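Written below as structure tokens is the structure these notes are about.
Nothing in this text is a laboratory measurement; each read-out follows from the coordinates by a stated rule. The structure presented is a predicted model; accordingly, all values stated were derived computationally and were not measured. We place every Cβ from the backbone using ideal geometry, glycine too, and count neighbours over all the protein chains shown.
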Amino acid sequence: RKEVEQDPGPFNVPEGATVAFNCTYSNSASQSFFWYRQDCRKEPKLLMSVYSSGNEDGRFTAQLNRASQYISLLIRDSKLSDSATYLCVVYNFNKFYFGSGTKLNVKP
Amino acid sequence: GAGVSQSPSNKVTEKGKDVELRCDPISGHTALYWYRQRLGQGLEFLIYFQGNSAPDKSGLPSDRFSAERTGESVSTLTIQRTQQEDSAVYLCASSARQGRETQYFGPGTRLLVL
């Protein structure tokens, strides 16, 4: 079983839509959680860390559910520039585990 | 300030040759990570350094892969006797210290083994 699993998508949404991604992780002892964004043929960049109480950064909201071992990312009022692959990342035992990513296409 | 840099940006080599990939982390970052990303796939952890030591080499795919880091700065990833399945983007990342700190990625080296 993979450490981190994500729906690969693609999610095709119109501008202005709200879209949500989930990610599950296998190790209940995982310590830290992140969402990274990766544009085509570019390196991943940190979008936001995920805190136990949930956290928001502008149009982006991240939630953590330790009991069910999943992390979510909600994007409100989608912009064309949000089109990218979103990587769920879990840190435990000195390693970062990356999901394969969920592809988002925001259409005009 | 300068970010993580990697060289070369692209490398085409013939099967069986050795290649050396270089990573310059952000100055002062003690932790350094190497990942491999095959086309259309997620990141695969290879190895990390805390300072100059590599506590965990379990991610290296085979004994053809090795890495070293000197002076708590530059790291090199060496692939000996390259195979076609080694073709991928090799990404390096650094963080202020090993642990939960944010990783900053370099642009990667695109390796193509013919």
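Here is how the numbers come out for the structure above:
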| quantity | calculated |
| --- | --- |
| Convex hull of Cα atoms in chain A, direction-averaged projection (nm²) | 6.6 |
| Stokes-Einstein translational diffusion, region A:57-104 - Kirkwood Rh over all Cα pairs, 1.567 mPa s, 4 °C, in µm²/s | 105 |
| Charged-residue dipole, Cβ positions (Lys, Arg, Asp, Glu), the protein assembly as shown about Cα centre, Debye nearest 20 | 220 |
| Residue-averaged beta-carbon neighbours from other chains (10 angstrom radius) around A:33-41 | 2 |
| Computed over chain B, Kirkwood Rh from alpha-carbon pairs, angstrom | 13.9 |
| Average beta carbon contacts from partner chains per residue of A:43-53, 10 Å cutoff | 3 |
| Förster radius 45 Å - calculated FRET efficiency between B:LEU39 and A:ASP77, Cβ distance, rounded to 0.05 | 0.90 |
| Check: region B:34-93 dipole with +1 on Lys, Arg Cβ and -1 on Asp, Glu Cβ, in debye | 80 |
| DSSP bridge orientation in the protein assembly as shown - percent antiparallel, rounded to nearest 5 | 90 |
| Mean Cβ neighbour count within 10 Å, used as a protection proxy, ranking B:17-30, A:45-58 highest first | B:17-30, A:45-58 |
| The protein assembly as shown: mean projected area of Cα convex hull, nm² | 12.5 |
| Long-range amide H partners of B:ILE47 with built H, under 5 Å | B:TRP34 |
| All-pairs Cα distance distribution in region A:31-73, expressed in whole percent, bin size 10 Å | 28, 49, 21, 2 |
| Spacing of the two label points (7 Å from each Cα toward its C-beta) at A:LYS95 and B:GLN84, in nm | 2.9 |
| Cα-based radius of gyration of region B:35-83 once divided by 2.2 N^0.38 Å, which approximates compact folds | 1.20 |
| Cysteines (scope chain A) whose Cβ has no counterpart Cys Cβ under 4.7 Å | A:CYS40 |
